[in-house]
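Input: a single structure, listed below in structure tokens.
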Amino acid sequence: MASNKKLMIMAGDGIGQEVMTATLKVADWLSKHRSISFDVTEGLVGGAAYDAHGTPLKDETLADAMAADATLFGAVGGPQYDDLPFELKPERGLLTLRKEMDLFANLRPAMVFPALVSASTLKPEIVSGLNIMIVRELTGGVYFAEPRGRTTDEDGTVRAFDTNMYTPPEIERIGRVAFDLARKRDGKLTSVEKSNVMHSGILWREVMTALHKAEGEGVEMSHMYADNCAMQLVRAPKQFDVLVTDNLFGDILSDTAAMLTGSLGMLPSASLGAVDATTGKRHALYEPVHGSAPDIAGKGLANPLAEVLSFSMLLRYSFDQGDDADLIEKAVEKSLEGELRTGDIMADGFTATGTDGMIDQVIRSLDELSR
Ligand code: IPM
Ligand code: MG
């Protein structure tokens, strides 16, 4: 029986528009061939919302995202907005969504598709078969904690400051998400902080250690300083299974992990809220890890696969459609064996294509796999 899911889409800026349009072709394909269809609503966010309404996120758009079963997001930002005041910058639209929807758990899987081993800047033996999951705390830490701001002393000295602050419950809830994921994977968790330098890092380690004792059955946990982790990620990334870390370290380490896979253009992410005890639902937003890529925006060159894979995470985590998610992931993998590739994953023997060519190759793979 067909069930209509409320899907909100926010393409945002730059290549966000192009990769979203491409990904909606996959959603259309599913509506035609599988027992799922979507009620799609659209919302403006980031620079696109600023251009139209003078704000990077309208209250109505936030309310729509809250009411949707899940939100698929593109990207925000662009050099034309660099001089806007802090509160009006495109990124505030995304950060407000994360905060107001309480999307505290950001899942960033980094896996290397066999066909892309040679696209990585690292040696094939270092990255082939890589499959790690970064769990980033997304609503606390230096991105949001107060005090933050900028002041000028009487003598004219300017001070700009941000606070990295965490409370035990904030660490516990992201820790639980990481334990759950580790149990479904290889059972290995690395908790990452800088407890050698930061008070928030000391608390992070204490809370994770206690939580592991109380609730970490079946998970082997170790601790690592964030700087060492950055080094280990490029030295021997396959030592990791699940990583859990705070908002800022997660931002940085996930970009590093992304490049292990060959291209930022391949990486999806899911940002999840807590499950509501009465409705069983959770707020969720899915977005590619790549940004708005202003340098190639509007040219039809962007790789749509990170957005397609974000959509497949959406089906898996929000709509409980694991079969459809598996099918999409298989189609992406198969499409990488096709003749066409976008510039970011280009290699000898392939033909250069753009967003449309790449998504058509995915659709052809879906057709073939479902024959
Ligand atoms: C990310 C991005 C965002 C972040 C920006 C666009 C605000 O880099 O999702 O990793 O810093 O969290
Ligand atoms: Mg980032």
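Of all residues in region 89-129, how many are part of a helix (DSSP H, G or I) and either touching a Cys at 6+ places or on another chain (Cβ under 6 Å) or not β-branched (Val, Ile, Thr) (or both)?
First, the residues of region 89-129 that are part of a helix (DSSP H, G or I): 90-100, 114-119, 124-127.
Restricting the remaining residues to those that are either touching a Cys at 6+ places or on another chain (Cβ under 6 Å) or not β-branched (Val, Ile, Thr) (or both) gives 90-95, 97-100, 114-116, 118-119, 124-125.
Result for region 89-129: 17.
So, PHE144, is that one out of contact with any Asp or Glu (no Cβ under 6 Å at 6 or more places or on another chain), in the same structural domain as ALA236 (by TED's automatic domain parsing) and over 18 Å from ALA258 (Cβ atoms) or not?
Working: out of contact with any Asp or Glu (no Cβ under 6 Å at 6 or more places or on another chain): yes; in the same structural domain as ALA236 (by TED's automatic domain parsing): yes; over 18 Å from ALA258 (Cβ atoms): yes.
When the stated conditions are applied, PHE144 passes them.
Testing ASP276 on (1) away from ligand 2 (no atom under 15 Å from the Cβ); (2) modelled with pLDDT of 95 or more, one condition comes back false. Which one is that?
Among (1) away from ligand 2 (no atom under 15 Å from the Cβ); (2) modelled with pLDDT of 95 or more, ASP276 violates only (2).
Among the residues of region 97-115, what is the count of those that are of a type outside the set (A, V, I, L, M, F, W, C) and within 11 Å of ligand 1 (Cβ to nearest atom)? I'd like the intermediate steps shown before the answer.
Taking region 97-115 and keeping what is of a type outside the set (A, V, I, L, M, F, W, C), we get 98-100, 102, 106, 108-109, 114.
Pick out the ones that are also within 11 Å of ligand 1 (Cβ to nearest atom) and you get 98, 106, 108.
Counting residues in region 97-115 that are of a type outside the set (A, V, I, L, M, F, W, C) and within 11 Å of ligand 1 (Cβ to nearest atom) gives 3.
What is the number of the single condition among (1) β-branched (Val, Ile, Thr); (2) closer than 16 Å to PHE73 by Cβ; (3) touching a Phe, Trp or Tyr at 6+ places or on another chain (Cβ under 8 Å) that VAL308 does not meet?
Evaluating VAL308 over (1) β-branched (Val, Ile, Thr); (2) closer than 16 Å to PHE73 by Cβ; (3) touching a Phe, Trp or Tyr at 6+ places or on another chain (Cβ under 8 Å) leaves (3) as the failure.
Go through the residues of region 245-263 one by one and say whether even a single one is within 16 Å of ligand 1 (Cβ to nearest atom), without any contact (Cβ under 8 Å) to a residue 60 or more places away in the chain, out of contact with any strand residue (DSSP E or B) (no Cβ under 7 Å at 6 or more places or on another chain) and not aliphatic (A, V, I, L, M).
yes
If you check every pair at least six apart or on different chains, which have Cβ atoms under 9 Å apart with a residue in region 118-138 that is closer than 15 Å to ILE345 by Cβ first and a residue that is assigned to a strand (DSSP E or B) second?
Matching pairs, first to second residue: ALA119/ARG341.
Looking at region 64-92, which of its residues are closer than 15 Å to SER271 by Cα and either within 16 Å of ligand 2 (Cβ to nearest atom) or among the hydrophobic types (A, V, I, L, M, F, W, C) (or both)? Spell out how you get there, then give the answer.
Taking region 64-92 as the starting set, the residues that turn out to be closer than 15 Å to SER271 by Cα are 65-66, 68-75.
If the condition is that a residue be closer than 15 Å to SER271 by Cα and either within 16 Å of ligand 2 (Cβ to nearest atom) or among the hydrophobic types (A, V, I, L, M, F, W, C) (or both), then ALA65, MET66, ALA68, ALA70, LEU72, PHE73, GLY74, ALA75 are the ones that fit.
Scan (1) within 16 Å of ligand 1 (Cβ to nearest atom); (2) in a loop (DSSP other than H, G, I, E, B); (3) at pLDDT below 95; (4) surrounded by fewer than 20 Cβ atoms within 10 Å (Cβ to Cβ) for the single condition HIS290 breaks and write down its number.
HIS290 satisfies every listed condition except (4).
Identify the residue in region 71-87 that is in a helix (DSSP H, G or I) and closer than 16 Å to THR55 by Cα and, among all such residues, is farthest from ligand 1 (Cβ to nearest atom).
GLN80
Within region 53-66, can one find any residue that is within 16 Å of ligand 1 (Cβ to nearest atom) and assigned to a loop (DSSP other than H, G, I, E, B)?
The answer is yes; a qualifying residue exists.
The values are calculated or read from the model by the stated rules, or taken from the named source; none is laboratory data. Computed from a predicted model, the values in this text were never measured in an experiment. Heads up, the Cβs are rebuilt from the backbone with ideal geometry, glycines too, and the neighbour counts pull from every protein chain shown.
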